[in-house]
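Structure, as structure tokens:
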Amino acid sequence: GFTMPRWIEATRPGSTSVVFELDPTIVELAEDRLGLVQSADLRAVTGDARVHVRELEPASLDLVIGDAFGGEAVPWHLTTREFVAQIRDSLRPGGVYALNLIDHGDLGFARAEVATLRAVFDHVAVIAPLARLDGLTNGGNFVLAASDDPLPVDAIQARNTSRGDDDTVWSTDAELATFVGDAEVLTDEYAPVDQLITPEV
């Protein structure tokens with residue numbers, strides 16, 4: 001439903017958003033059923049995000065949000081070090097890459113994606129309920145954030161707490177090392193995302 005760009009448009013007037021959507025039917029449904037109105041400030045471009053990201057001007061964006069799924073899995077080619085490097089190149093100084101992913105079980109995919117972000121960006125944070133981070137639940141959604149500048153982790157934690165969320169922010173080297181463990185960096189030559197995700201049981 002283009003929730004995030006519409007929220008940005010409403011809360012940060014003057015900002016602009018471009019959404020890369022693979023399926024043109026999704027755009028049509030958002031316009032016909034959910035009230036999406038495209039404008040100079042919010043527009044949708046259909047096609048594969050990996051292709052369109054290559055066409056972005058260097059250092060032209062403040063924020064990139066990754067929220068692409070094929071079923072529960074993020075498409076593998078949107079998870080690799082090479083893709084993340086393209087995202088980094090598109091960000092202005094201080095820019096942030098935030099992405100949503102789902103994982104269960106031993107969190108093989110989530111851990112590998114954090115390892116991949118750490119291979120490209122100077123600062124990374126993982127946001128999820130503490131029990132999920134500790135592997136004490138059967139998983140669920142994780143929000144990852146990455147930047148070459150320090151992330152406002154205290155402000156993120158404070159905002160989550162003020163809303164009554166149980167999300168915790170892990171961002172120190174020790175926390176991230178514990179979370180990643182022995183997970184490997186995902187690359188264009190090695191990104192078995194569908195094998196890393198443990199099915200929910």
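The values are calculated or read from the model by the stated rules, or taken from the named source; none is laboratory data. Note that this is a predicted model, so its numbers are computed, not measured. Reconstructed Cβ throughout: ideal geometry from the backbone, glycine too, with neighbour counts over all protein chains shown. To get the accessible areas, we keep the full protein, side chains included, count just its heavy atoms, and leave off ligands, DNA and RNA. Shrake-Rupley method; radii C 1.70, N 1.55, O 1.52, S 1.80 Å.
Just to be sure I understand the filter: pairs with C-beta atoms under 8 Å, separated by 6 or more residues or on different chains, first member in the stretch 20-35 and over 19 Å from G66 (Cα atoms), second member surrounded by 10 or more Cβ atoms within 10 Å (Cβ to Cβ) and not aliphatic (A, V, I, L, M). Which pairs pass? Sorted first by the residue in the stretch 20-35, then by its partner, the pairs are E31/Q38; L34/G1; L34/F2.
Could you tell me whether V124 is buried (at least 21 other Cβ atoms within 10 Å of the Cβ) and either more than 24 Å from D173 (Cβ to Cβ) or touching a Cys at 6+ places or on another chain (Cβ under 7 Å) (or both)?
Working: buried (at least 21 other Cβ atoms within 10 Å of the Cβ): yes; either more than 24 Å from D173 (Cβ to Cβ) or touching a Cys at 6+ places or on another chain (Cβ under 7 Å) (or both): no.
Considered against the rule, which asks whether it is buried (at least 21 other Cβ atoms within 10 Å of the Cβ) and either more than 24 Å from D173 (Cβ to Cβ) or touching a Cys at 6+ places or on another chain (Cβ under 7 Å) (or both), V124 comes out as no.
Residues in the stretch 39-55 that are open to solvent by 50 Å² or more (accessible area, probe 1.4 Å), in contact with a helix residue (DSSP H, G or I) (Cβ under 7 Å, 6 or more places away or on another chain) and not in a strand (DSSP E or B) were compared, and the one that is nearest to T80 (Cα to Cα) is R54. Annotation: of all residues in the stretch 127-149 being of a type in the set (G, A, S) and closer than 22 Å to P192 by Cβ, the one that is surrounded by the most Cβ atoms within 10 Å (Cβ to Cβ) is A146.
Considering only residues in the stretch 133-157 that are assigned to a loop (DSSP other than H, G, I, E, B) and in contact with a strand residue (DSSP E or B) (Cβ under 8 Å, 6 or more places away or on another chain), the one that is farthest from H123 (Cα to Cα) turns out to be T137.
Selection of the stretch 158-192 for residues being surrounded by 12 or more Cβ atoms within 10 Å (Cβ to Cβ), in a helix (DSSP H, G or I) and not aliphatic (A, V, I, L, M) yields R159, N160, T161, E175, T178, F179.
Against the numbered list (1) under 14 Å from the mean Cα position of the chain (by Cα); (2) modelled with pLDDT of 95 or more; (3) closer than 25 Å to E189 by Cβ; (4) not acidic (D, E), A128 comes up short only at (3). Looking at this structure, is T3 touching a Pro at 6+ places or on another chain (Cβ under 6 Å) and either charged (D, E, K, R) or surrounded by fewer than 17 Cβ atoms within 10 Å (Cβ to Cβ) (or both)? No; evaluated as a whole, the condition is false for this residue.
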